[in-house]
């Protein structure tokens, strides 16, 4: 693996302006979940028919990104209608107490948004592909746990999950619900006061400005600094998790990418790995992706619609 593949996620991996006062520190806004699958157009159907021909008879690895969760009301970074994003970096979180307090205050208000999000038809289609024995497994860059909620069982949460908190000093982990109870005790009445918060991010960063008097929770074990247990920009994906993901791709005969622009190396490296191994790579995403040059087939279509089609039309593997 090259040094470029090992480097931390960086904020300058993201396109667009460096800030936008409307957005949460992680740079997401809330959207309305899609009500139903849209009909496929002739070009989309033709491309998906080519995908079936290319992938039939192969066990697949699947890599998903934020574009898969937009139909659940969770916006992505870089879709065609996305606004500029300014995610918080790891260095900001650990190095600036004011920003860290602001983040935890906003997270305290907003984290329930992800608990209320439901899997969409795309998540269900991926679970169906696994249940039919067509997948070696699933790598997701999302932290929303909607794949697991939809029934997928072999899921590598590459960037962690929103529902756990880790201590940066003693490495203890805690359910986010337990930390919520502690924060409510330290900040009585805060939730009621900020109940009309605006936009909410998929990592639970709510659009709240009154954060100066918020009291952060220390680690219940050692009193150290707590952090949501997912990968920030400027932070490395754990090496054992990366190795597990590579093994999943190695155990497959093709790679299906759904809803990721592949802008950061944490996802792109698996596309490059499959390409170098001579395995077909099919990418479903509206708009350019950084992996287009490695794709055997690029499909411009709605992610939920395309995955549902593939789950319906791909044949069973031969005995």
Next item on the list: Tell me, please, whether a residue that is at positive phi, under 20 Å from the mean Cα position of the chain (by Cα) and in a strand (DSSP E or B) can be found in region 131-138.
Entry: yes
Next item on the list: Return yes or no: is residue 161 surrounded by 18 or more Cβ atoms within 10 Å (Cβ to Cβ) and either assigned to a loop (DSSP other than H, G, I, E, B) or at pLDDT below 95 (or both)?
Entry: yes
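Of the residues 51, 61, 47, 56, only one is surrounded by fewer than 22 Cβ atoms within 10 Å (Cβ to Cβ), modelled with pLDDT of 95 or more, within 21 Å of residue 262 (Cα to Cα) and over 15 Å from the mean Cα position of the chain (by Cα); which? Full working, then the answer.
Numbers: 51 fails: surrounded by fewer than 22 Cβ atoms within 10 Å (Cβ to Cβ); 61 fails: surrounded by fewer than 22 Cβ atoms within 10 Å (Cβ to Cβ); 56 fails: within 21 Å of residue 262 (Cα to Cα).
Answer to the selection: 47.
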Notebook entry, point to check: Scanning region 263-283 for residues that are part of a loop (DSSP other than H, G, I, E, B) and at pLDDT below 95, which turns out surrounded by the fewest Cβ atoms within 10 Å (Cβ to Cβ)?
Noted result: 263
Next item on the list: Read through the list (1) assigned to a strand (DSSP E or B); (2) at pLDDT 95 or above, then give the number of the only condition that residue 217 fails.
Entry: (1)
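Residue 177: assigned by TED's automatic domain parsing to the domain that holds residue 108, out of contact with any strand residue (DSSP E or B) (no Cβ under 7 Å at 6 or more places or on another chain), closer than 24 Å to residue 139 by Cβ and surrounded by fewer than 19 Cβ atoms within 10 Å (Cβ to Cβ), yes or no?
Criteria not met by residue 177.
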Next item on the list: For region 299-319, enumerate the residues that are assigned to a helix (DSSP H, G or I) and out of contact with any strand residue (DSSP E or B) (no Cβ under 8 Å at 6 or more places or on another chain).
Entry: 304, 305, 308, 309, 311, 312, 313
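Given the options 254, 278, name the one that is assigned by TED's automatic domain parsing to the domain that holds residue 64 and in contact (Cβ under 8 Å) with a residue 12 or more places away in the chain. Before the answer, list the steps.
Working: 278 fails: in contact (Cβ under 8 Å) with a residue 12 or more places away in the chain.
Every option except 254 fails the conditions.
The values are calculated or read from the model by the stated rules, or taken from the named source; none is laboratory data. Note that this is a predicted model, so its numbers are computed, not measured. When we count neighbours, we look across all protein chains shown, and the Cβ atoms used for this are built from the backbone with ideal geometry, even at glycine.
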